[in-house]
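The values are calculated or read from the model by the stated rules, or taken from the named source; none is laboratory data. Given the structure is predicted, the values throughout are model-derived calculations rather than measurements. Backbone-built Cβ (ideal geometry, glycine too); neighbour counts: all protein chains shown.
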Amino acid sequence: MDQTKENINFLYCFDENYNYQAFSSILSLLNNVDRKINIYIIHNSDKLMKKIPEIVLEHDNLNLLEVYKFENLNYSFPNLSENHISEATYYRLFIEKYINKKIESIIYLDADTICINNPLEKFTSLTKTVIKSDFVFGARTEKIISDTKYQETFSRLNMTNKYFNAGVLVVDLKKWRKRSLSEKLLKKLDNIEDKIIHWDQDVLNSYIDGNYVEIDESLNFDSVNLNKKNIDLNEIEIIHYIGSNKPWYISGIFENGAKYYHQIYSKIATEKYHVVHLWKKASILEFIKGFLKFKFVQIESPYHLIKSFLKSF
């Protein structure tokens, strides 16, 4: 029997700058699923396999892991300069070029997601729903046109319905290929190039314009919402670190949800905390601010954070 049909398929798209984040996300997924899964990666290097930690490659729940080297072919991707986003965010527009045609559906996950509970039951159900529908995607709505604070988004992208967050997608690859979606999305990218703010997410939304299956918030849970009271972590499957305050930046390391990232990161690295700097001066100021506001009391191991912070320089 074809292994690609036996196991649920997951896709990650990232580059060298997000290796540790993606490895952490993949390990968190493997640790929480209750059966073997397939993982596919589109990456900018043909040497990634040598860098993937053994704890991932030898995991009991990993059935298959394949890496595809992204071939740029002189594509020009908009709105990347002076941003924390790399061209890898656009890789998923090219799914049909890389993923085996035998694979009929796949779950896309951003590298800045962490799995904390088993999502397979919900993903299996959602995949069936998407396949039975006329839609290519399942996604979580992030903005609706009736909310006046989002009027700019819908006007800018000439949309008439709702706008989804593309960090977690349930994809019907059979429909994607049949409709030559990659080609159409690239044409859309060219048409709205000067209007793009949120990278390929804007491209996908501008083309789809609300025609997708709604997925449960628990499968793409904004980490900011972990600050709210009465949050039941047992009802959340995947935490998504949306926005610029990522848990590996000092600006996000004191947030409530950051610990879930660092707990899994510490299993693949020699350091307990992952510290990355966009601007070192800004990191130092955030670090001092955290100290003065007693935010270190929220940290599980302040000593190790200080050690990782100093070592990062």
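Within region 137-162, being of a type outside the set (Asp, Glu) and under 13 Å from ILE215 (Cα atoms) holds for PHE137, GLY138, ALA139, ARG140, THR141. Of the residues making up region 45-59, those that are free of Cβ contacts under 8 Å to residues at least 60 places away in the same chain and closer than 18 Å to SER25 by Cβ are SER45, LEU48, MET49, LYS51, ILE52, GLU54, LEU57, GLU58, HIS59. Residues of region 296-312 that are surrounded by 17 or more Cβ atoms within 10 Å (Cβ to Cβ) and of a type in the set (A, V, I, L, M): ILE299, LEU305. Here TYR90 meets the list (1) in contact with a strand residue (DSSP E or B) (Cβ under 7 Å, 6 or more places away or on another chain); (2) surrounded by 21 or more Cβ atoms within 10 Å (Cβ to Cβ) almost entirely, failing just condition (1). Taking region 174-202, which residues are at positive phi and in a helix (DSSP H, G or I)? Of everything in region 174-202, just one residue is at positive phi and in a helix (DSSP H, G or I), namely TRP199.
Condition check ((1) in a loop (DSSP other than H, G, I, E, B); (2) more than 29 Å from GLN263 (Cα to Cα); (3) hydroxyl-bearing (Ser, Thr, Tyr)) across all residues:
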residue	(1), (2), (3)
ILE26	no, no, no
ASN38	no, no, no
ILE42	no, no, no
ASP46	yes, no, no
TYR75	yes, yes, yes
LYS97	no, yes, no
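The residue that is nearest to the chain's Cα centre (by Cα), counting only those in region 126-173 that are acidic (Asp, Glu) and assigned to a strand (DSSP E or B), is GLU142. Considering only region 283-295, I want to know if a residue exists there that is surrounded by fewer than 19 Cβ atoms within 10 Å (Cβ to Cβ), among the aromatic types (Phe, Trp, Tyr), outside the structural domain of THR113 (by TED's automatic domain parsing) and out of contact with any strand residue (DSSP E or B) (no Cβ under 6 Å at 6 or more places or on another chain). Within region 283-295, one or more residues are surrounded by fewer than 19 Cβ atoms within 10 Å (Cβ to Cβ), among the aromatic types (Phe, Trp, Tyr), outside the structural domain of THR113 (by TED's automatic domain parsing) and out of contact with any strand residue (DSSP E or B) (no Cβ under 6 Å at 6 or more places or on another chain). Restricting attention to region 40-50, does a residue exist that is in contact with a His (Cβ under 7 Å, 6 or more places away or on another chain) and either among the aromatic types (Phe, Trp, Tyr) or under 18 Å from CYS115 (Cβ atoms) (or both)? Scanning region 40-50 turns up no residue that is in contact with a His (Cβ under 7 Å, 6 or more places away or on another chain) and either among the aromatic types (Phe, Trp, Tyr) or under 18 Å from CYS115 (Cβ atoms) (or both). Residue pairs whose Cβ atoms lie under 9 Å apart, separated by 6 or more positions or on different chains, with the first residue in region 1-20 and over 15 Å from ASN61 (Cα atoms) and at pLDDT 95 or above and the second part of a helix (DSSP H, G or I) and β-branched (Val, Ile, Thr), are LEU11/ILE95; TYR12/ILE26; CYS13/THR89; CYS13/ILE95; PHE14/THR89. Among the residues of region 271-282, none is identified as assigned to a helix (DSSP H, G or I) and closer than 19 Å to LYS259 by Cβ. Put simply, of ILE215, ILE208 the only residue that is surrounded by 22 or more Cβ atoms within 10 Å (Cβ to Cβ), in contact (Cβ under 8 Å) with a residue 60 or more places away in the chain, within 18 Å of THR113 (Cα to Cα) and β-branched (Val, Ile, Thr) is ILE215.
Are any residues in region 255-282 more than 28 Å from LEU30 (Cβ to Cβ) and either surrounded by 19 or more Cβ atoms within 10 Å (Cβ to Cβ) or touching a residue at least 60 places away in the same chain (Cβ under 8 Å) (or both), and if so, which ones?
Restricting attention to region 255-282, the residues satisfying the condition of being more than 28 Å from LEU30 (Cβ to Cβ) are 277-282.
If the condition is that a residue be more than 28 Å from LEU30 (Cβ to Cβ) and either surrounded by 19 or more Cβ atoms within 10 Å (Cβ to Cβ) or touching a residue at least 60 places away in the same chain (Cβ under 8 Å) (or both), then LEU278 is the only one that fits.
Each residue in region 129-187 was checked for being surrounded by fewer than 22 Cβ atoms within 10 Å (Cβ to Cβ), of a type in the set (Gly, Ala, Ser) and out of contact with any helix residue (DSSP H, G or I) (no Cβ under 6 Å at 6 or more places or on another chain), and 4 of them qualify.
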